[in-house]
1. Determine which residues of region 133-173 fall in the zone a paramagnetic label at residue 121 would reach in this model, i.e. backbone nitrogen under 20 Å from the point 7 Å along Cα→Cβ.
2. For residue 143 and residue 78 in the same chain, what is the full-extension length gain: residue separation times 0.36 nm, less their Cα-Cα distance, in nm?
3. Past the 23 Å Cα-Cα mark, which pairs from 112/145; 71/112; 119/145; 75/132; 112/132?
4. Please sort by residue number the GluC sites (Glu not before Pro) in region 135-173 whose DSSP state is loop and whose Cβ has at most 15 other Cβ atoms within 10 Å.
5. Once the Cβ-Cβ distance between residue 173 and residue 88 is put in as r, and R0 is 45 Å, what FRET efficiency do you end up with, to the nearest 0.05?
6. What FRET efficiency would be calculated for the residue pair residue 95, residue 132, taking the C-beta separation as r and a Förster radius of 25 Å, to the nearest 0.05?
7. How large is ³J(HN,Hα), in whole Hz, for each residue of region 124-129 in order, when computed from phi with the Karplus curve 6.51 cos²θ - 1.76 cosθ + 1.60 and θ = phi - 60°, using x for Gly and Pro?
8. With a 10 Å radius around each residue's Cβ, average the other Cβ atoms per peptide and rank 129-139, 51-61, highest first.
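Nothing in this text is a laboratory measurement; each read-out follows from the coordinates by a stated rule. On a predicted model such as this, the values are computed, not experimentally measured, just so you know. Every residue, glycine as well, gets a Cβ built from its backbone with ideal geometry; the counts of neighbours run over all protein chains shown.
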Amino acid sequence: MNVKRRQFLQIFPSAVGSGFILSQFESAMPAENPVQSASPAKAVDKGEPGGIQMEKVAGIGGLFFRSHDPKALGKWYQQHLGIDLTPTSEGGTVWQQEAGPTSFSPFPETTKYFGDPNKAWMVSFRVHDLDKMVAQLRSAGIEVKGPESYVNIGHFARLHDPEGNPIELWQPA
């Protein structure tokens, strides 16, 4: 397993509230944030005297990024990944993602994990059937690397959108 994947796997458990990945790879790093059973929006901060409740975000409300051709790129995401764009008229519906783990991990500026060093972000989408998604993309002429499998973590595949933005597809174990 390469070093970048190992670093990701060490960071990932704290993002999804599970220690299964760290134990799998015999990491000696203790979890910095203990698993909390409170709702995602409210959690007790045990580090403060009196157990003061800290307000937390409930999830990602949107993903916004620059594009050379926003209309064409939006259409690509709709056509190939099934993501409905933000409506531009009243009565339209926004994309509804399914509840599930979301990894939120800042990476070093020098990471090679995203591919092109000029790309500042990468999105990872959860999928139900990675093999089916990969076949669908490949049949549309889209280059996809992988899939790769990791015990107790899941299956991953990598691709780029038409503007070269990195995308990771993840089917959880």
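1. The answer is 158-170.
2. Gain in length upon complete extension: 21.7 nm.
3. Long pairs (Cα-Cα over 23 Å): 71/112; 112/132.
4. 143, 163
5. 0.75
6. Approximately 0.80, to the nearest 0.05.
7. Each residue's phi maps through the Karplus curve to give 10, 9, 7, 10, 7, 9 Hz.
8. For the peptides 129-139, 51-61, the packing ranking is 129-139, 51-61.
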